Amino acid sequence: MTKNAAFVFSNELLSYRFSKEHPFNQFRLTLTLDLLKELGAIHNEDIIPPRIASDEELHLIHDPSYVSAVKKASQGNLPADIAENYGLGTEDTPIFPGMHEASAYLVGGTLTAVDSVMTGKSKHALHLGGGLHHGFRGKASGFCVYNDSSVAIKYLQEKYHARVLYIDTDAHHGDGVQWSFYDDETVCTFSIHETGRYLFPGTGNVNEWGNGKGYGYSFNIPVDAFTEDDSWLDCYRTGIKEIAAYFKPDVILTQNGADSHYYDPLTHLSATINIYREIPKLAHELAHQYCNGKWIAVGGGGYDIWRVVPRAWSLIWLEMMDFPYQTGKLPEAWVNKWQEKAPIPIANTWEDPENMYKPIPRKPEITEKNAKTVERILHFIQQQSSTQK
Ligand SMILES: [Zn+2]
Ligand SMILES: [Zn+2]
């Protein structure tokens with residue numbers, strides 16, 4: 001019997017840790033899984049362990065020379081000047097012992113999720129250890145060593161001959177995945193993110209439409225800094241509905257970075273937890289509408305691990321399981337257990353506090369600007385569709 005969803009997890013995923021102080025902290029996974037357990041929304045039989053990706057699988061995207069550099073760095077044998085050429089040993093992406101294995105597990109976890117869905121073991125699958133969307137063919141970047149989503153998409157093409165729609169709602173542009181498939185018409189990438197004008201990685205402009213045969217299969221909605229829920233959701237809904245109808249995917253892969261929230265320390269958007277209810281809801285609907293349910297979701301950014309990420313990521317699983325709508329207090333046992341370890345007051349309700357931030361004076365301008373960006377996408381799709389006829 002096909003289950004609703006599989007949750008990919010084992011403690012190996014937690015070994016992806018650059019340093020004690022580094023903002024990318026996979027302890028988020030433990031907090032999320034524990035919240036789901038306290039809710040009674042997940043059981044041991046729902047959890048499947050990730051496998052480690054083989055070199056052959058990593059080579060689907062990554063240059064063999066890069067993979068061997070990561071292996072050397074992993075064992076402490078890579079000279080600093082060579083490391084630099086591969087984006088390793090930087091402030092963002094430092095070298096740590098065992099980094100090859102830790103990174104290969106994150107890729108393997110996404111492949112495990114793919115296999116679960118494509119072989120019909122589960123309709124949906126969630127791998128919160130994945131979502132490392134800045135990884136490049138031959139270079140580490142922005143906390144990402146290997147790009148699990150890019151490898152998984154290549155794997156979906158080669159093993160299952162699927163047309164893949166990639167939806168990236170991280171606050172940063174999904175550059176690594178976009179460039180991997182920029183000239184490929186069988187993969188459609190969509191990224192909605194804070195404009196790259198002031199934020200890493202600086203790309204993700206609306207006019208990045210793809211190249212060659214892939215022209216018309218790359219979409220970006222860069223929203224303004226301080227964008228709030230209504231405008232963000234308007235852009236996301238309108239954009240992705242049109243794109244899904246235009247591309248008609250066989251399978252949907254979503255990257256669910258949780259760093260667009262007002263509390264996130266690395267970005268400048270003003271979204272609340274409400275967008276994290278709506279993001280998986282619409283992805284879920286589209287997966288049933290176009291893909292017979294086939295939906296794989298991965299994690300991504302998210303740097304407020306005590307107040308934002310566990311709630312945001314739990315909501316993806318609850319959506320996959322058709323679990324009842326949650327409101328009010330979070331389970332007391334969860335709050336009490338983790339408050340002891342947290343340096344700040346942790347979230348204790350599903351809702352964000354009222355008046356979390358002061359009114360944004362530029363709201364009307366921001367809303368109008370974002371709406372214009374979406375119009376450009378709709379106009380482009382209309383043009384593409386009419387030339388294809
Ligand atoms: Zn991010
Ligand atoms: Zn479903």
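Relative contact order of the range 173-236: what whole-number percent is it, with Cα pairs under 8 angstrom and at least 6 residues apart? With pairs under 8 Å counted, the relative contact order is 35 percent. Only beta bridges with both residues in the chain are counted; by DSSP, about 10 percent of them are antiparallel. Shape annotation for the range 304-389: C-alpha extents along the principal axes are 59, 38, 21 Å, from largest to smallest. Using the Cβ-Cβ distance between Gln383 and Asn274 with R0 set to 25 Å, the FRET efficiency from 1/(1 + (r/R0)^6) comes to roughly 0.15. Using the beta-carbon distance between Glu332 and Glu285 and R0 = 35 Å, what value does 1/(1 + (r/R0)^6) give for FRET efficiency, to the nearest 0.05? The formula returns an efficiency of 0.60 here.
Applying 1/(1 + (r/R0)^6) with R0 = 41 Å to the Cβ-Cβ distance of Lys363 and Ser15 gives a FRET efficiency near 0.45.
Restricted to Cα atoms, the chain shows a radius of gyration and a Dmax of 19.7, 62 angstrom. In summary, the lysines within cross-link reach of Lys123, defined as a Cα separation below 16 angstrom excluding same-chain residues under 8 places away, comprise Lys3, Lys281, Lys294.
Using Cβ point charges alone (K and R +1, D and E -1), the dipole size of the chain about the Cα centre works out to roughly 460 debye. Using a simple spin-label model with pseudo-atoms 7 Å out from Cα toward Cβ, Ile82 and Arg197 lie 4.3 nm apart.
Can you list the aspartates and glutamates whose alpha carbon is less than 16 Å from that of Lys20, not counting same-chain residues fewer than 8 positions off? Partners within reach: Glu91, Asp92, Asp304. Placing a label point 7 Å from the Cα of Lys159 along the Cα-to-Cβ direction, the residues of the range 1-39 whose backbone N falls under 19 Å from that point are 2-3, 5-10, 13. Taking a point 7 Å out from the Cα of Lys341 in the direction of its Cβ, the residues of the range 6-48 whose backbone N falls within less than 11 Å of it are 26-35. Other residues lying with their Cβ under 11 Å from the Cβ of Met321 contribute a combined charge of -1, Lys and Arg counting +1, Asp and Glu -1. Spin-label model, Asn292/Asn211: points 7 Å from Cα along the beta carbon direction are separated by 3.5 nm.
Backbone amide hydrogens, once placed in the peptide plane, bring Ser191 within less than 5 Å of Asp168, Phe219, Asn220, Ile221, excluding anything fewer than 5 places away on its chain. Per residue, the range 270-389 exposes an accessible area of 52 Å² to a 1.4 Å probe, with every protein chain left in place. Scaling the Cα radius of gyration of the range 267-329 by the globular reference 2.2 N^0.38 Å produces a ratio of 1.19. Here, P(r) means the percent of Cα pairs in each 5 Å bin from 0 to the largest distance; for the range 159-226 it is 4, 20, 29, 22, 14, 7, 3, 1, 0.
Carbon and sulfur atoms: what percent of the 1.4 Å accessible area of the range 117-171 do they account for? Answer for the range 117-171 is 52 percent, counting heavy atoms of protein chains only. Each principal axis of the Cα cloud of the range 62-202 was evaluated for its coordinate range; sorted largest first, these ranges are 44, 36, 26 Å. Rolling a 1.4 angstrom probe over the protein heavy atoms with all chains in place gives the range 41-165 an accessible area of 38 Å² per residue.
The values are calculated or read from the model by the stated rules, or taken from the named source; none is laboratory data. Worth saying up front: this structure is predicted, and the values here are computed from it rather than measured. For neighbour counting, all protein chains shown are included, and Cβ atoms are generated from backbone atoms with ideal geometry for every residue, glycine included. Remember, those area values only see protein heavy atoms, side chains included, never the ligands or the DNA or RNA. Shrake-Rupley method; radii C 1.70, N 1.55, O 1.52, S 1.80 Å.
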